[in-house]
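Enquirer: One structure, pasted below without further comment.
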2 protein chains.
Amino acid sequence: MSDKVKNKKENFIGIDIGGSKIMAALFNNEFKILSTKREKFKERTNITGGIEFIKKLVSEVLVGANLKIDSICGIGVGCPGPLDIDKGLVFEAPNLGWKNVPLKEILTREFGCQVRIANDVDAGTFGEYRFGAGKDARCVLGVFPGTGIGGGCVYEGKLFRGKTGSCMEIGHIQVQKDGPLCGCGKHGCIEAFAGRLAIAAAASVAAFRGQAPYLMEDTGGEIAKIRSKSIARAISAGDTVIEHIVRDSAKKLGSVIASVVSTIAPDIVVLGGGLVEAMPAIYLKEISAAIKEEAVEFLATDVKVAVAKLGDEAGVLGAAALIAEEAAK
Amino acid sequence: MSDKVKNKKENFIGIDIGGSKIMAALFNNEFKILSTKREKFKERTNITGGIEFIKKLVSEVLVGANLKIDSICGIGVGCPGPLDIDKGLVFEAPNLGWKNVPLKEILTREFGCQVRIANDVDAGTFGEYRFGAGKDARCVLGVFPGTGIGGGCVYEGKLFRGKTGSCMEIGHIQVQKDGPLCGCGKHGCIEAFAGRLAIAAAASVAAFRGQAPYLMEDTGGEIAKIRSKSIARAISAGDTVIEHIVRDSAKKLGSVIASVVSTIAPDIVVLGGGLVEAMPAIYLKEISAAIKEEAVEFLATDVKVAVAKLGDEAGVLGAAALIAEEAAK
């Protein structure tokens, strides 16, 4: 392959800025991964630090694929938090120390190619729509319970969007007015009942009460150590109280998803995120049952529920597919 | 005007099949009403009866406008209940005695023009989007509390739809698992708390307890007589307990709407229906407050809340606009 052909602008980079790590992947124009790189955040408290981090990852995936930046047609970025997708502005990304960062403009200038930013959950949902469990469905609702509970929707081939950016803030649907405090500052959001931290807190209490010996042995009952995988291990090992806690929170989440099904009538609900990846059978069963029981009957009948297929590659794949679509216009 | 010009296929008929009456209106191609006709159902227990009723109303609006059927480019019909909008099939319309009626096919054959059917609430929401309170907004959520609580959404100029038809079944979002029985057979739907019958039942109890003297005088406390207008009159006359009942149910509805705002992020929520028409200030205030307080902050900030402008003409206008769009394709 001559350098000329090799560096034809036909490849895409997808970047997924997560809660604790950034992942970048370089794809050819058939969305085959040519190279990939994941890295955890170090402490970053300013704009430059975060941008440098992204630049470093982009360089590394280029090196990994033995390509140069002039072979890249576009870069798609999935980014947490509220943003203005038209202006390419990230309103806030605390883990990166960002506030009102014109990410699209900065990256466009830096790399000299088209850039598109999207909410990270939207990018993941779009990935599952294009390549995963929701492939080509008319309306895909993605729900990703992990530390937070994110939602996204692809409707008739396009990301369903709010005025300036993403919507489907399923994690912050309020289920109990006087419920526990949520990370968003309100009380009783479903995330405060069914997010990973809420489950970990309840599991920790059970462990200290002596009701979850396996979890206690594995994690010492420390919330920071009670990750989705340790919860799953404890259940497999026989901590029935932990299983009860997880099922109960999955049911609560299922009730919220049922109300969203009654509203937007998806053809498929795709469940992903850390908790589902660790315990797919529990989430699939409880959420399917809640939808069947609580959603409007003629809509509940029509909807499939499935576990996401792409794992943590959904975000980079979706981000790359989003920029590829824009570049093709 | 010669007969030839007069009977050019440039007019549209909109039909709104409601819970207790049918309305038909004939529009020119600028959606000016040329004639209109409303009529209450008599008892009808078969398909033919309902179709004959529609035929009669179509004849009457034609006569009213001094036009013939060959001047009609298309007929749009808003119809309650689940339907298949692509096939033009009405799954069930109990008031008309209909079950699995191929309405589009029947009317097309009958009138020899294009026919489009839509859910009645969707048609009303589309009317408000095209001509009313939600004019040209990017995303309009229509909520119509009356005997039932209907919802509809126009997203980027098109009705947001489910697999076979309408969605946005806001009235049947469950707010309390062990709540009162709803007309749909489930328990605790918001309609069972905040629909007109639920309000009327609570108001009736208050009247019989002697807590609502004006309502008692006006209606004798009979639920069938406690219509939205009598509720409004009682509040104006000073029945504070009735006002409390209505505000409480409007707040509950507001909480549900807040969760829908967090999900689909409309630019505007348009409130219509019998209860809102009778008591617009109460609904506007309570629902606005609930959205502000309970929806995700960055989405609550962006959304307007407004009272519908078109009254009971929203449905016929929307239905006519929907068929006009299809005819223009």
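The values are calculated or read from the model by the stated rules, or taken from the named source; none is laboratory data. Owing to the predicted nature of the structure, the values given are computational and were not obtained by experimental measurement. Counting neighbours? That spans all protein chains shown, and the Cβs are built from the backbone with ideal geometry, glycine included.
Enquirer: Inspect all residues belonging to the stretch A:142-162 and state whether any of them is part of a loop (DSSP other than H, G, I, E, B), aliphatic (A, V, I, L, M) and either under 25 Å from A:D248 (Cα atoms) or within 10 Å of chain B (Cβ to nearest Cβ) (or both).
Expert: No; the residues of the stretch A:142-162 include none that is part of a loop (DSSP other than H, G, I, E, B), aliphatic (A, V, I, L, M) and either under 25 Å from A:D248 (Cα atoms) or within 10 Å of chain B (Cβ to nearest Cβ) (or both).
Enquirer: So, one more: Name every residue in the stretch A:92-136 that is crowded, with 22+ Cβ neighbours inside 10 Å and assigned to a loop (DSSP other than H, G, I, E, B), in order of residue number.
Expert: Matches in the stretch A:92-136: A:G132, A:A133, A:G134.
Enquirer: Scan B:I199, B:I223 and give me the residue that is touching a Ser or Thr at 6+ places or on another chain (Cβ under 8 Å) and either closer than 30 Å to A:I257 by Cα or not assigned by TED's automatic domain parsing to the domain that holds B:G274 (or both).
Expert: B:I199
Enquirer: Okay, next question. Among the candidates B:E52, B:E60, single out the residue that is part of a helix (DSSP H, G or I), at pLDDT 95 or above and assigned by TED's automatic domain parsing to the domain that holds B:F12.
Expert: That would be B:E60, the only listed residue that is part of a helix (DSSP H, G or I), at pLDDT 95 or above and assigned by TED's automatic domain parsing to the domain that holds B:F12.
Enquirer: Please work out which one of (1) surrounded by fewer than 18 Cβ atoms within 10 Å (Cβ to Cβ); (2) away from every other protein chain (no Cβ under 12 Å); (3) of a type in the set (A, V, I, L, M, F, W, C) is the condition B:I199 fails and give its number.
Expert: Against the list (1) surrounded by fewer than 18 Cβ atoms within 10 Å (Cβ to Cβ); (2) away from every other protein chain (no Cβ under 12 Å); (3) of a type in the set (A, V, I, L, M, F, W, C), B:I199 comes up short only on (1).
Enquirer: Go over the candidates B:D248, B:D239 one by one and state the one that is farther than 30 Å from B:I75 by Cα, away from chain A (no Cβ under 11 Å) and touching a residue at least 12 places away in the same chain (Cβ under 8 Å).
Expert: B:D239
Enquirer: Could you tell me which of the residues A:K229, A:K309, A:K251, A:K285 is at pLDDT 95 or above, basic (K, R) and not in a helix (DSSP H, G or I)?
Expert: A:K309
Enquirer: Examine the stretch A:181-195 for a residue that is within 14 Å of another protein chain (Cβ to nearest Cβ), among the hydrophobic types (A, V, I, L, M, F, W, C) and touching a Pro at 6+ places or on another chain (Cβ under 6 Å), and state whether such a residue exists.
Expert: Checking the stretch A:181-195: at least one residue is within 14 Å of another protein chain (Cβ to nearest Cβ), among the hydrophobic types (A, V, I, L, M, F, W, C) and touching a Pro at 6+ places or on another chain (Cβ under 6 Å).
Condition check ((1) more than 23 Å from B:I282 (Cα to Cα); (2) in contact (Cβ under 8 Å) with a residue 60 or more places away in the chain; (3) among the hydrophobic types (A, V, I, L, M, F, W, C)) across all residues:
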| residue | (1), (2), (3) |
| --- | --- |
| B:C167 | yes, no, yes |
| B:Q176 | yes, no, no |
| B:E191 | no, no, no |
| B:A202 | no, no, yes |
| B:A212 | no, no, yes |
| B:M216 | no, no, yes |
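Enquirer: Another question, if that's okay. Looking at B:L275, is it within 20 Å of B:G148 (Cα to Cα) and part of a helix (DSSP H, G or I)?
Expert: When the stated conditions are applied, B:L275 passes them.
Enquirer: It is to be established whether one or more residues within the stretch A:261-270 are over 30 Å from B:S166 (Cα atoms) and either in a helix (DSSP H, G or I) or touching a helix residue (DSSP H, G or I) at 6+ places or on another chain (Cβ under 9 Å) (or both).
Expert: No, the stretch A:261-270 contains no residue that is over 30 Å from B:S166 (Cα atoms) and either in a helix (DSSP H, G or I) or touching a helix residue (DSSP H, G or I) at 6+ places or on another chain (Cβ under 9 Å) (or both).
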